[in-house]
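What follows is a short report on a single structure.
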Amino acid sequence: MAYIIFRHMKACPLSKDSVLPYGIFITKIVKYFNVNFRNEIDGANNGREDEDN
């Protein structure tokens with residue numbers, strides 16, 4: 001199963017209409033391994049500050 005998810009994730013940038021419906025699985029893996037995201041930034045911002053300020 002992990003191999004199939006990996007292959008699909010690798011192919012997604014090549015297509016404009018691809019989505020990754022693996023949020024639940026990835027969340028379970030991250031929680032299982034106690035991955036710390038405390039210092040991570042939101043990917044939606046791409047590291048930029050709010051442009052409204």
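Of everything in the range 27-47, what is polar (S, T, N, Q), at pLDDT below 80 and loosely packed, with under 10 Cβ neighbours inside 10 Å? Give them in sequence order. Full working, then the answer.
Kept after step one, since they are polar (S, T, N, Q), are these residues of the range 27-47: 27, 34, 36, 39, 45-46.
Now restrict to residues that are at pLDDT below 80: 45-46.
Listed by number, the list holds a single entry, N46.
Quick one: count up the residues across the range 8-26 that are surrounded by 10 or more Cβ atoms within 10 Å (Cβ to Cβ) and part of a helix (DSSP H, G or I).
6
The values are calculated or read from the model by the stated rules, or taken from the named source; none is laboratory data. Remember, it's a predicted structure, so these values are computed and weren't measured experimentally. FYI the Cβ positions are ideal-geometry reconstructions off the backbone, even for glycines, and counts take in every protein chain you see.
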